[in-house]
Amino acid sequence: MGSRDFPGYPMRLLLNARRICLAMAATASLFAGCSRTEQHVVAPAGKTVPPPVMPAPSAPPPSFFRDHYAKLEDCVHDWGYAQKCVPVPPGSPAQQAGASFFGPTYARNYREETQVQLRKEAIDSGYAQSVPTEASNMSVGKSEVKP
């Protein structure tokens, strides 16, 4: 591009016009990316974003039971002392099934552990001088205790 392409214009003016056009094109290309609404963020190398943590499903509530006894002596034999044996309410289904006393409440699969603990408590508290050392079950039935 020279003055022969544009007669009547000095060469210096044409070079300045060319520089201005190049400067405007460069500026336009710089700002072309700024009008985007989405910006992609790149995670730093070597770092990963962990997946969201989902809460664990809630565990089912524990099941609790209590044994039914025809006689207070049978309940005391199993649990160590009479304070852990409660009279069955008159007219209740347990009484109609032949029970007169309820033993203490215990968690499913922990009857023997509860029995050992309560027998130890009976001795430590002075309610009994000796208790059976072997697990026993003199109950006539059992029922689930609802929370």
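Scan the range 63-79 and tell me whether some residue there is within 38 Å of the chain's Cα centre (by Cα) and without any contact (Cβ under 8 Å) to a residue 24 or more places away in the chain.
Within the range 63-79, none of the residues are within 38 Å of the chain's Cα centre (by Cα) and without any contact (Cβ under 8 Å) to a residue 24 or more places away in the chain.
Of everything in the range 129-147 that's among the small types (Gly, Ala, Ser) and under 15 Å from residue 74 (Cβ atoms), which residue is surrounded by the most Cβ atoms within 10 Å (Cβ to Cβ)?
Quick first cut of the range 129-147, residues among the small types (Gly, Ala, Ser) only: 130, 135-136, 139, 141, 143.
Now restrict to residues that are under 15 Å from residue 74 (Cβ atoms): 135-136, 139, 141.
Working: 135: 12, 136: 15, 139: 19, 141: 12.
Going through the qualifying residues, I end up with 139.
For residue 78, work out the one condition from (1) part of a helix (DSSP H, G or I); (2) touching a Phe, Trp or Tyr at 6+ places or on another chain (Cβ under 7 Å) it doesn't fulfil.
(2)
Just give me the residues in the range 81-90 being assigned to a loop (DSSP other than H, G, I, E, B) and either surrounded by 15 or more Cβ atoms within 10 Å (Cβ to Cβ) or within 36 Å of the chain's Cα centre (by Cα) (or both), in sequence order. Explain how you work it out, then say what you get.
Restricting attention to the range 81-90, the residues satisfying the condition of being assigned to a loop (DSSP other than H, G, I, E, B) are 81, 85, 88-90.
Within the range 81-90, 81, 85, 88 meet the criteria.
Going by the conditions given, is residue 12 part of a helix (DSSP H, G or I) and modelled with pLDDT under 60?
Values: part of a helix (DSSP H, G or I): yes; modelled with pLDDT under 60: yes.
Considered against the rule, which asks whether it is part of a helix (DSSP H, G or I) and modelled with pLDDT under 60, residue 12 comes out as yes.
Can you work out which of the residues in the range 61-75 that are among the hydrophobic types (A, V, I, L, M, F, W, C) and assigned to a strand (DSSP E or B) is surrounded by the most Cβ atoms within 10 Å (Cβ to Cβ)?
Keep residues of the range 61-75 that are among the hydrophobic types (A, V, I, L, M, F, W, C), which gives 64-65, 70, 72, 75.
Now narrow it down to the ones that are assigned to a strand (DSSP E or B): 64-65.
On the way: 64: 15, 65: 17.
The selected residue is 65.
Going by what's in this entry, would residue 131 be described as touching a Gly at 6+ places or on another chain (Cβ under 9 Å) and either modelled with pLDDT under 90 or β-branched (Val, Ile, Thr) (or both)? Let's see the steps before the verdict.
Values: touching a Gly at 6+ places or on another chain (Cβ under 9 Å): yes; either modelled with pLDDT under 90 or β-branched (Val, Ile, Thr) (or both): yes.
So residue 131 passes the test.
Across the range 120-147, what is the total count of residues that are part of a loop (DSSP other than H, G, I, E, B) and not basic (Lys, Arg)? If you could, list the steps in order and put the result at the bottom.
Just the residues of the range 120-147 that are part of a loop (DSSP other than H, G, I, E, B), to begin with: 125-140, 146-147.
Filter once more, keeping what is not basic (Lys, Arg): 125-140, 147.
Within the range 120-147, residues that are part of a loop (DSSP other than H, G, I, E, B) and not basic (Lys, Arg) number 17.
Check the range 98-107 and report whether any residue there is of a type in the set (Ser, Thr, Tyr), surrounded by fewer than 16 Cβ atoms within 10 Å (Cβ to Cβ) and touching a Lys or Arg at 6+ places or on another chain (Cβ under 8 Å).
For the range 98-107, residues of a type in the set (Ser, Thr, Tyr), surrounded by fewer than 16 Cβ atoms within 10 Å (Cβ to Cβ) and touching a Lys or Arg at 6+ places or on another chain (Cβ under 8 Å): present.
The values are calculated or read from the model by the stated rules, or taken from the named source; none is laboratory data. In this text, all values refer to a predicted model and were calculated from it rather than measured experimentally. When we count neighbours, we look across all protein chains shown, and the Cβ atoms used for this are built from the backbone with ideal geometry, even at glycine.
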